[in-house]
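Report on the structure given below.
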Amino acid sequence: MTDYKKAQKILEENDQEQLLRFYGELSDSEKEELTEQILTLDFSVLASLIDRNRPSLRGKISPLSAMQIGDIQKNRERFTREGLSVIRAGKTAAVLLAGGMGTRLGSSGPKGTYDIGITRHVFIFQCLFENLMSSVKEADTWIHLFIMTSSRNDTETREFIKSHNYFGYKPEYVTFFIQDAAPAVDFNGKILLEEKYRIATSPNGNGGWFSSMVRAGLTGKMHDEGIEWLNVFSVDNVLQKICEPCFIGAVLQSGCASGSKVVRKAGPDEKIGVMCLEDGKPSVVEYIEMTDELRNTMDKNGEPAYNFGVILNYLFNVAELERVLSRKMPLHLAKKKIPFIDEKGFPVIPNEPNGYKFELFILDLIHEMPGCLPYEVMRNSDFAPIKNKTGVDSVESARELCRVNNIVL
Ligand code: UTP
């Protein structure tokens, strides 16, 4: 059977024949690109559309207490010693999640290439490399850094980092991989075309990182190097510590299979997900799910019981992640504005959401872990997220926090 016939059959089976609507008009290379995409696309994600109108059911939510700064200070030396020994044994690696679209920041390039400097260049990637370098120096050993990109920003990300000489990091210890993508559909469940010869796809959410690492063939590398723990972190927090020995030691000594850096909420209405237990397993209550009852629940010290927000800096045990791989993780549908080619072949840039993207959430991975240690960090020294250009969690607010931490911009 030719590739075209195979693609046609797959589309018939999935009720998606519209994807070949313009096939007759395409050049040979465009035909090849489209059929290749159809043959490799994961159509199974479409099954989650069936439940699209069903409200997601949560289990019973109860508090999960965090290890607070005071406890950490008391044990800092012991935790740090343990963390350093694990790092020196080569058992820890870092994973940078840089596959997002960074839509809110509104810059054209990958978010990490954004320059927050004022009197000199200070790129977001540079801050992250420098922060990891502090742990490298403290442990006096290199730490493997995996960087997840998306098919859209992969080339630009690699070239940018290479052209800056890995910001002083050792290139042998940097491995890039591309995050898996999922198709985008209209509200009727029909997959959209971004070009007449290309399906509209998007990176499959911040929870797609480990399965993408495995699909990229990195399991062998991890096992060969003896990596047992992965510190996963987002691209946008320029102050975060990466592979911080004290954090790693605290999680290991807690006996938990994962750890999450958390900050004390700035106020009851801060838009941040907080750690909790759901049916006895670690989980996160998103800020839109916070009820008055949860907001008003106090712990035994009279403090809010749901008060520690996650900042997308987690430690995961690799063996536990591999165990979870065999499970089907929930796919979340996000309503988005998706540019597409209409039936007549004209490009459309919608002003309103016109379809769904499919996303996996890292929180669902945490929920599958046998335990998670919420580990408090100081907002002022460890949390400067850049989501927007101005206002809350922005370039402006991050610059101010850098100033407070004596970082010259
Ligand atoms: P956000 O949820 O803030 O998304 O990602 P974003 O793409 O950076 O920004 P917006 O929402 O479009 O403005 C949190 C972290 O997860 C990564 C991002 O790169 C960031 O480090 N991420 C998100 C991925 O790596 N892949 C994804 O599919 C989504």
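The values are calculated or read from the model by the stated rules, or taken from the named source; none is laboratory data. In this text, all values refer to a predicted model and were calculated from it rather than measured experimentally. Every residue, glycine as well, gets a Cβ built from its backbone with ideal geometry; the counts of neighbours run over all protein chains shown. Surface accessibility is based on the protein's heavy atoms, side chains included, excluding ligands, DNA and RNA. Shrake-Rupley method; radii C 1.70, N 1.55, O 1.52, S 1.80 Å.
Considering only region 208-226, state which residues are open to solvent by 10 Å² or more (accessible area, probe 1.4 Å), more than 16 Å from the ligand (Cβ to nearest atom) and in contact (Cβ under 8 Å) with a residue 12 or more places away in the chain. THR219, LYS221, GLU225, GLY226, listed by residue number. One residue is enough: does region 318-329 have a residue meeting the conditions β-branched (Val, Ile, Thr) and in contact with a helix residue (DSSP H, G or I) (Cβ under 9 Å, 6 or more places away or on another chain)? Scanning region 318-329 turns up at least one residue that is β-branched (Val, Ile, Thr) and in contact with a helix residue (DSSP H, G or I) (Cβ under 9 Å, 6 or more places away or on another chain). Selection over region 108-154 of residues that are within 14 Å of the ligand (Cβ to nearest atom), open to solvent by 20 Å² or more (accessible area, probe 1.4 Å), touching a helix residue (DSSP H, G or I) at 6+ places or on another chain (Cβ under 8 Å) and of a type in the set (Ser, Thr, Tyr) gives a count of 2.
For region 210-229, the condition holds for at least one residue, the condition being that it is farther than 21 Å from ALA182 by Cα and in a strand (DSSP E or B).
A single entry from ILE248, ILE199, ILE242 fulfils the requirement of being closer than 18 Å to PRO385 by Cα and touching a residue at least 24 places away in the same chain (Cβ under 8 Å): ILE242.
For region 88-107, the tally of residues that are more than 16 Å from the ligand (Cβ to nearest atom), closer than 21 Å to PHE176 by Cα and not in a loop (DSSP other than H, G, I, E, B) stands at 2. Meeting the requirement of 1 or more residues that are crowded, with 17+ Cβ neighbours inside 10 Å and at pLDDT 95 or above, the strands (runs of 3 or more DSSP E) wholly within region 324-409 are 355-359, 372-376. When you check GLU172 against the structure, is it surrounded by fewer than 16 Cβ atoms within 10 Å (Cβ to Cβ) and within 14 Å of the ligand (Cβ to nearest atom), yes or no? No: the conditions fail for GLU172.
What number of residues within region 1-41 satisfy the criterion of being in a loop (DSSP other than H, G, I, E, B), of a type in the set (S, T, N, Q) and surrounded by fewer than 14 Cβ atoms within 10 Å (Cβ to Cβ)? Total satisfying the criteria: 2.
Of all residues in region 264-283, those satisfying the criterion of being touching a strand residue (DSSP E or B) at 6+ places or on another chain (Cβ under 6 Å) and under 15 Å from THR297 (Cα atoms) are LYS265, VAL274, MET275, CYS276, LEU277. Do we find a residue being open to solvent by less than 40 Å² (accessible area, probe 1.4 Å) and of a type in the set (Asp, Glu) anywhere in region 230-248? Looking through region 230-248, at least one residue is open to solvent by less than 40 Å² (accessible area, probe 1.4 Å) and of a type in the set (Asp, Glu). Restricting attention to region 227-245, the residues that are within 12 Å of the ligand (Cβ to nearest atom) and touching a Gly at 6+ places or on another chain (Cβ under 7 Å) add up to 1. The single condition from (1) within 15 Å of the ligand (Cβ to nearest atom); (2) at pLDDT 95 or above; (3) open to solvent by 10 Å² or more (accessible area, probe 1.4 Å) that THR157 fails is (3).
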